[in-house]
Structure formats: structure tokens, C-alpha cells
Amino acid sequence: MSAAREEVLGRIRQALSRDPAGEIDIARSYRRTAALHGAELVDRFAERAEAYKATVLRVNAAGLADALERLRGRFVVPDDLPEEWLPPEFVRDHGQLGHRDLDAVDGVVTGCALALAETGTIVLDAGVGQGRRAITLLPDFHVCIVPVERIVASVPEAVAALRTSLPRPLTFMSGPSATSDIELNRVEGVHGPRRLEIIILGETPD
């Protein structure tokens, strides 16, 4: 074992021996909440998501079915997405669809765990209405339904709320998948959907 590795492990052992229960108070001087509420919170999320090239729609409960009805093609959905939301031609995923099948569909419709207003980010944790990770990474078009009550203001608020999601895998998505090469040429759709549409569901709070 190298001397450097032994030194690092030794320091970890020493720190743990002083606080075996892991109850050391950690000073958190960074800003942990944001002064965003009601309509301002929802507006900020929509604004930031659109800045990342996502398409954003706002509908109430009565308008959701119509918003999904306009989608054309073969869309896959998690097996526990509410029945009343979905057109009959959508394909429910029960784990039977392989990678080639998912790559061939026109898109996917899911819910989300949370959405972050300050960064325009949606968070998936493989929970209810979200399905397995493969169905949100392989199709080229992702339609994500975001209930207004799941929008939080800041990253620290989201991390605190997501503690109950662990140890499920978390996926943070800010706009469509994109990357750049060394010359800063933007390429979309490399590591996930090329198109992201967010449907904000519910009445905007006052």
C-alpha cells in the first residue's frame, strides 16, 4: 500500500474514532433556501427550463389529457402512470422493452420526483410514475409531467427532500441532453433525449 493512501485512510479512521456515531455538527453557512413562493416559484422554473432549451407547457388537470393527446407516434410510459392521463395507444413499460425497442419509440412520458426553480432542473428517482432509468435515457423525446407542488426553489431544498429517495439512482436533467467537443461545438442527444418537453400541471399558486 502506498504511503499516500495509508495516510488518507489513517486520517479517515482517526476522524471516525472521534465521532463513531457520525454526529459531528457541520457548519453550513451557504444559502439553504430561496425567497421564491407561489407564482414566482413556478415562473422561475419555467423561465430557467426554457433557457436550457426545454419546451414548457402549463395546463390544469382538465387540460392534461388534451396536452398528451396531441402527441403523435408511439410513446412508452411507466406502468404506474395514472390511466386517466394517457391516450390508449401509449405503450406501458413493464420491463419487457429492450434497448432496441426503446431506441425505436417516438418518445417517453413520465412524471418526476422534484423540479428545481433556480436551475430549471427536473429530478428523477425511479419512483412512482417515473419508471426505470432506461426509458428516460434511450428515447429521443422526453415529455415530463411536473405537478406544481413538486417544484422547490433551491438545490439544498431538493437535496433535503430527496433523502427519502436514497439509495435509488437520481437523475438531474437541465434541458435536453447536450455536450460539446474541444472546439465547443454543441451536440444534442448524446447521453439522453434530444428533445425535452415539460408539462407543468396544476393551478399556479398565489
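Look through the stretch 1-24, keep the residues that are modelled with pLDDT under 70 and among the acidic types (Asp, Glu), and return whichever of them is nearest to residue 144 (Cα to Cα). So that I can check it myself, show each step before the final result.
Start the filter on the stretch 1-24 by keeping residues that are modelled with pLDDT under 70, which leaves 1, 18-24.
Those still in the list that are among the acidic types (Asp, Glu) too: 19, 23.
Numbers: 19: 43, 23: 38 Å.
For the stretch 1-24, the residue satisfying everything is 23.
Tell me which residues, restricted to the stretch 91-101, are over 16 Å from residue 144 (Cβ atoms) and either touching a strand residue (DSSP E or B) at 6+ places or on another chain (Cβ under 9 Å) or open to solvent by 90 Å² or more (accessible area, probe 1.4 Å) (or both).
Going residue by residue through the stretch 91-101, those that are over 16 Å from residue 144 (Cβ atoms) are 91-92, 94-101.
91, 92, 94, 96, 97, 99, 100, 101 - these are the residues of the stretch 91-101 that are over 16 Å from residue 144 (Cβ atoms) and either touching a strand residue (DSSP E or B) at 6+ places or on another chain (Cβ under 9 Å) or open to solvent by 90 Å² or more (accessible area, probe 1.4 Å) (or both).
Any chance the stretch 89-107 includes a residue that's in a strand (DSSP E or B), among the charged types (D, E, K, R) and touching a residue at least 40 places away in the same chain (Cβ under 8 Å)?
From the stretch 89-107, those in a strand (DSSP E or B) are 91-93, 107; that's our starting set.
Retained after the next criterion (residues that are among the charged types (D, E, K, R)): 92-93.
Restricting the remaining residues to those that are touching a residue at least 40 places away in the same chain (Cβ under 8 Å) gives 93.
Yes, the conditions are met somewhere in the stretch 89-107.
How many residues does the stretch 98-139 contain that are over 13 Å from residue 171 (Cβ atoms) and of a type in the set (S, T, N, Q)?
Counting residues in the stretch 98-139 that are over 13 Å from residue 171 (Cβ atoms) and of a type in the set (S, T, N, Q) gives 1.
So which residues in the stretch 52-79 are within 21 Å of residue 149 (Cβ to Cβ), open to solvent by 70 Å² or more (accessible area, probe 1.4 Å) and either without any contact (Cβ under 8 Å) to a residue 40 or more places away in the chain or among the acidic types (Asp, Glu) (or both), if there are any at all?
Scanning the stretch 52-79 gives a single hit, 62.
Are any residues in the stretch 168-189 surrounded by fewer than 10 Cβ atoms within 10 Å (Cβ to Cβ) and part of a loop (DSSP other than H, G, I, E, B), and if so, which ones?
Passing the criteria: 181, 182, 183, 184, 185.
Identify, please: which residue in the stretch 80-90 is out of contact with any Phe, Trp or Tyr (no Cβ under 7 Å at 6 or more places or on another chain) and either within 18 Å of residue 148 (Cα to Cα) or modelled with pLDDT of 90 or more (or both) and is, among those, surrounded by the fewest Cβ atoms within 10 Å (Cβ to Cβ)?
82
Would you say residue 108 is surrounded by 14 or more Cβ atoms within 10 Å (Cβ to Cβ), more than 29 Å from residue 31 (Cβ to Cβ) and hydrophobic (A, V, I, L, M, F, W, C)?
Details: surrounded by 14 or more Cβ atoms within 10 Å (Cβ to Cβ): yes; more than 29 Å from residue 31 (Cβ to Cβ): yes; hydrophobic (A, V, I, L, M, F, W, C): yes.
So residue 108 passes the test.
Please work out which residue is farthest from residue 41 (Cα to Cα), limiting yourself to the stretch 136-166 and to residues that are charged (D, E, K, R) and buried (at least 16 other Cβ atoms within 10 Å of the Cβ).
Initial filter on the stretch 136-166 (charged (D, E, K, R)): 140, 149-150, 157, 163.
Subsequent filtering for residues that are buried (at least 16 other Cβ atoms within 10 Å of the Cβ) retains 140, 150, 157.
Details: 140: 29, 150: 11, 157: 13 Å.
That would be 140.
The conditions are (1) assigned to a loop (DSSP other than H, G, I, E, B); (2) in contact (Cβ under 8 Å) with a residue 24 or more places away in the chain, and residue 200 fails exactly one of them. Which is it?
Only one criterion in (1) assigned to a loop (DSSP other than H, G, I, E, B); (2) in contact (Cβ under 8 Å) with a residue 24 or more places away in the chain is unmet by residue 200, namely (1).
Can residue 42 be described as among the aliphatic types (A, V, I, L, M), in a strand (DSSP E or B) and either surrounded by 12 or more Cβ atoms within 10 Å (Cβ to Cβ) or at pLDDT 90 or above (or both)?
Numbers: among the aliphatic types (A, V, I, L, M): yes; in a strand (DSSP E or B): no; either surrounded by 12 or more Cβ atoms within 10 Å (Cβ to Cβ) or at pLDDT 90 or above (or both): yes.
It is false that residue 42 is among the aliphatic types (A, V, I, L, M), in a strand (DSSP E or B) and either surrounded by 12 or more Cβ atoms within 10 Å (Cβ to Cβ) or at pLDDT 90 or above (or both).
The values are calculated or read from the model by the stated rules, or taken from the named source; none is laboratory data. Because the structure is predicted, anything quoted here is derived from the model rather than measured. As a convention, Cβ positions derive from the backbone with ideal geometry for all residues, glycine included, and neighbour counts pool all protein chains shown. These area figures cover heavy atoms from the full protein model, side chains too; ligands, DNA and RNA do not enter into them. Shrake-Rupley method; radii C 1.70, N 1.55, O 1.52, S 1.80 Å.
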